[in-house]
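The values are calculated or read from the model by the stated rules, or taken from the named source; none is laboratory data. All values reported here derive from a predicted model rather than from experimental measurement. Positions of Cβ are backbone-derived with ideal geometry, glycine not excepted, and every protein chain shown enters the neighbour counts.
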């Protein structure tokens, strides 16, 4: 994960195991990150990413995650999708 | 009249009242678009109109107001802000409603011009608003309905999600090229250990892509999702995945893709044709409309109850046909005559019975009380008529591109309802004239004249003495009397060799066929109008006058009696004739002092009345009752008040005062301007009622001669 000027960019092609590390990394920088951007140019490898994004938002609602602000969004390899949060 | 006709009459009357009620509110809305109370009022009126129209098979009206109501209902919602564009649609829609109502009333088969055009505008506005509403997904009604909706094959389709999918993907289910393709909705309920068992959504996506097109997918995240601290990537927090998949393959082929996961998880696949999508949507739309209507009805009832609740404590009202009111009024007239007959009956008087006299007095008081009350029933404020005029000025102002403010005053002044009904047309005409001819053509012209760019028109009502006075003033360019005179001479109304005063010149405006307008427009300038205005006012036993100052503005003043039916009168005698002078015009009666009377050769007789020189009218001469010259010393003088100046009536004797019911002389009195009508006295005799206005006209003409 890259964090440049409080903007964290995460790679959507990470597998589950890598996502686990990522989640810890984000957690340690949770107060530093202002915005989280998903790089999906390589496709989405695991649907666990979606839950992770929601968890980030739950942990720090001030973090801006553009994907979660949209009713639907298009991702490489998945197409048009939406997240329905309980 | 059969029952249906009676009901129809009530319906038509109610519709007219609703329309009259809505018209001024729309203009208020233009000024205060945020006022939800006004929108609610208009909505309620249109809602009732719709119900009535449909009940009576007025399909053109019903069809139109149905959509108009839908549009209004959108703006009843809190947070929905009205812009001037929407208010303009409301106003133009209302115009169509009024027109189509008159078409229905006349039984016309055709549609008013612009009916379909405005209807389309309304529908477009509704569609635009609804699409926003769907996008915002904020409608409670919508959510409730889609939650309750089920597909007719008893298969649970999440209608809300389906609609969102259609909205997001712009999927054209009506596209003919879809052929045999079906929409497959695959819903997978997933356990939280699927990652441990090798689940990978990419497998499904790849396999499905070979069979068709994945339009949309929805991942449902567990509501018990932990925060990052406890987040575990081995656990799936995705409760379900729904795929919207378009394919022409058999259902079995699609089921095969999910075969391995279906062994341990719940997988539902619903296949629907594009036609079925359309049916679902239609059904849903119906349910939404039904639900909305029910909710609105409930809301309307609640609001109505709320609105009425506090008023019920203070006053209640019932609807009475105006014809019944007229009958009651006539009956009261007869009662007044009967009471007068009893109180003046010589036989009763000669009994000298104090108790009987007391009862007769009581009867007189009660009769007067009832009469006043019934009179009051006919008196209504001029407010509604005035508010209608705001619309007139608004429209003409827009057409002529002249910014104008109409300033109203005295809207609560009461006048006989019969007169109110007949005042609209003359007022419309005068106001249109004020805008079209009175106010300067351009802002620049006004600024150059040292005025504000915006023109002002003042419409006021007031009671003055026995009269009801309406004034229409403008701060425009005033009347160019020289131009009027030239035109009057061209048309042969004025003589070339006569010098006319400004007042006389302005009078030419009221000649039939007179117009100074350079061009004929649909607003004015046809040369018909002011003469018709004058006739209408005279029919109401009124008078119209004009005051104007070139470059400053003009004032048209309409002077009318307060009521057309009963007057309080002073009974007077001339020889053997009994006459009635309307009491409200009487200043006082007195015996003249001969030194105060002056004769001016050719100009008549005058009296110095408290420092004011007033003309004397010998009524016996005016009415051709006899040719005798009655000495002033043997007369009684009555000073009467009039807008154009007081004058003195000479009579033989003052008999008394009584309320009389005015009976028309019909065609007989058309050419006798000095007589307003007749009254049947208590004695059974007939008395002529003097027309104070007509006598003043006679005096003015005498001066001219």
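Brief remarks follow.
- Taking the numbered list (1) at pLDDT 80 or above; (2) over 17 Å from residue A:46 (Cα atoms) in turn, residue B:217 passes all entries but (2).
- Filtering the range B:507-518 to residues that are farther than 19 Å from residue B:435 by Cβ and buried (at least 20 other Cβ atoms within 10 Å of the Cβ) leaves only B:508.
- Within the range B:173-209, tally of residues that are part of a helix (DSSP H, G or I), farther than 24 Å from residue A:67 by Cβ and either at the interface with chain A (Cβ under 10 Å from one of its Cβ atoms) or modelled with pLDDT of 85 or more (or both): 0
For (1) out of contact with any helix residue (DSSP H, G or I) (no Cβ under 6 Å at 6 or more places or on another chain); (2) more than 27 Å from residue A:51 (Cα to Cα); (3) modelled with pLDDT under 70, each residue gets a yes or a no:
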position	(1), (2), (3)
B:247	no, yes, no
B:250	yes, yes, no
B:256	yes, yes, no
B:271	no, yes, no
B:280	yes, yes, no
B:297	yes, yes, yes
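- From B:408, B:431, residue being at pLDDT 90 or above and crowded, with 21+ Cβ neighbours inside 10 Å: B:431
- Among residues of the range A:59-68 being in a loop (DSSP other than H, G, I, E, B) and within 11 Å of chain B (Cβ to nearest Cβ), the one that is surrounded by the most Cβ atoms within 10 Å (Cβ to Cβ) is A:63.
- Test result for residue B:36, out of contact with any strand residue (DSSP E or B) (no Cβ under 9 Å at 6 or more places or on another chain), within 19 Å of residue B:74 (Cα to Cα) and crowded, with 19+ Cβ neighbours inside 10 Å: no
- Close contacts from the range B:401-414, counting a first residue that is over 13 Å from residue B:431 (Cα atoms) and a second that is not in a strand (DSSP E or B), with Cβ to Cβ under 6 Å and a gap of 6+ residues or different chains, come to B:402/B:439; B:403/B:454; B:411/B:383; B:411/B:386; B:413/B:382.
- From the options A:82, A:71, residue that is in contact with a strand residue (DSSP E or B) (Cβ under 7 Å, 6 or more places away or on another chain), part of a loop (DSSP other than H, G, I, E, B) and within 9 Å of chain B (Cβ to nearest Cβ): A:71
- Of all the listed residues (A:44, A:37, A:56), the sole one being modelled with pLDDT of 85 or more, touching a strand residue (DSSP E or B) at 6+ places or on another chain (Cβ under 9 Å) and more than 10 Å from chain B (Cβ to nearest Cβ) is A:37.
- Each residue in the range B:372-405 was checked for being within 16 Å of the chain's Cα centre (by Cα) and outside any helix (DSSP H, G or I), and 3 of them qualify.
- Residue A:19 vs. criteria surrounded by 17 or more Cβ atoms within 10 Å (Cβ to Cβ), more than 7 Å from every other protein chain (Cβ to nearest Cβ) and either touching a strand residue (DSSP E or B) at 6+ places or on another chain (Cβ under 6 Å) or assigned to a helix (DSSP H, G or I) (or both): no
- Residues of the range B:210-233 that are more than 7 Å from chain A (Cβ to nearest Cβ) and more than 30 Å from residue B:178 (Cα to Cα): B:224, B:230, B:232.
One line per residue, one yes/no per condition, for (1) farther than 30 Å from residue B:340 by Cβ; (2) in contact with a helix residue (DSSP H, G or I) (Cβ under 7 Å, 6 or more places away or on another chain); (3) outside the structural domain of residue B:87 (by TED's automatic domain parsing):
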{"residue": "B:364", "(1), (2), (3)": "no, yes, yes"}
{"residue": "B:372", "(1), (2), (3)": "no, no, yes"}
{"residue": "B:390", "(1), (2), (3)": "yes, yes, yes"}
{"residue": "B:393", "(1), (2), (3)": "yes, yes, yes"}
{"residue": "B:396", "(1), (2), (3)": "yes, yes, yes"}
{"residue": "B:400", "(1), (2), (3)": "yes, yes, yes"}
{"residue": "B:405", "(1), (2), (3)": "yes, no, yes"}
{"residue": "B:408", "(1), (2), (3)": "yes, yes, yes"}
{"residue": "B:415", "(1), (2), (3)": "no, no, yes"}
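- Applying the set (1) without any contact (Cβ under 8 Å) to a residue 40 or more places away in the chain; (2) surrounded by fewer than 16 Cβ atoms within 10 Å (Cβ to Cβ); (3) within 29 Å of residue B:196 (Cβ to Cβ) to residue A:31 leaves exactly one unmet item: (3).
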